[in-house]
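Any read-out appearing in this document is the output of simple, stated calculations on the displayed coordinates, not a laboratory observation. These numbers were taken from a predicted model, which means no experiment stands behind them. Because the Cβ atoms are built from the backbone with ideal geometry, glycine has one as well, and the counts that use them run over all protein chains shown.
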Amino acid sequence: MNDTNKEHIDQLITDCLTGCLDEEGMRVLKEWRIASPEHEAYYLQSREAWFSAVNSESLSRYDKEKAYERFRQRVATTKKERRLSVRWWHYAAVALILLVGGVSYWLGKMDIKNSFADISVEAPWGARTKLYLPDGTLVWLNAGSRMTYSQGFGVENREVDLEGEGYFEVKRNESLPFRVHSKDLRLEVLGTKFNFRDYPTDKEVVVSLLQGRVAVSNLLKSEPEMLLAPNERVVLDKAEGRMKVEPVTASNASEWTEGYLFFDEELLPDIVQELERSYDVQIHLADTSLNHFRFYGNFIRREQTIREVMEVLSSTDRIDYRISGRDVTVYDIGTENNE
């Protein structure tokens, strides 16, 4: 590995360990690691040096650039020492290296856990956000959503806090489960694809499983943990605090990542919230009876206006609507007829 390539790989490893590596960089680093056992060994050695470097910096404010320079110095020192050592000494010292290295690695992880700040990613109203976590997990955040995770994600745990809606394609890791926490629900997986929706203003929490298996725990009331299989979803009623599992075409739940709005017999108040986030409008339900209405529909957000969406919903002859600027009012047709 020439000096230019080595410097590039060192930078990729540093960005990976600090949660700054983008999708393309993650792909390059992954391909480089699996290209040969020597590359993977260098990555593990470099990671050890990085943790040790951060450990030395822990008494002062964490500085990525300083830690990176210290990291490069340690890698260079380690390589020089290895060149000076003889082969028989290398084998004789394996047990000691593993012991000392293991201790410094553990200390490094503890320092990272204590030093790194949380990272928060948001998707503004009317937009979506796509990102990759340091372990290679793909995440889409829907409009009005926020996800928070530690800058040391992947060191001690793989946990994220979610407010809103996210679609996840989780990289499998048998030794480090992936967990999603919301205010009302906790989910744990090893490696899978799922959609998780829990906006604070929604009346229901919905988790739809596309692939693999997930374990879901109710944080509102004490209930047995539920295990989902593909094409199942769990729905948590926030008012009652109870979960139920339903069969579903789970791929529909992630249609929003492609710019679609898909409502699968969802409550009208939750549909209203989604339309407000997607079109940046204010929708008012004029009648309390509307809180129990459910609708099924599929729309293309970038091609259909809020008026066209409301027109389709009103074609069910269950509701009517009025639009004034960015304000929309929805009426129960049955209530109107009774007046």
Report the extension gain between Asp320 and Ala127 in nm, rounded to one decimal, defined as 0.36 nm multiplied by the number of residues separating them, less their alpha carbon distance. 66.7 nm
Peptide ranges 224-237, 23-36 listed from the most packed, as the mean C-beta count within 10 angstrom indicates: 224-237, 23-36
Amide H neighbours of Leu261 under 5 Å, counting only residues 5+ apart in sequence or on other chains, H built in-plane at 1.01 Å? Phe299, Ile300, Arg301
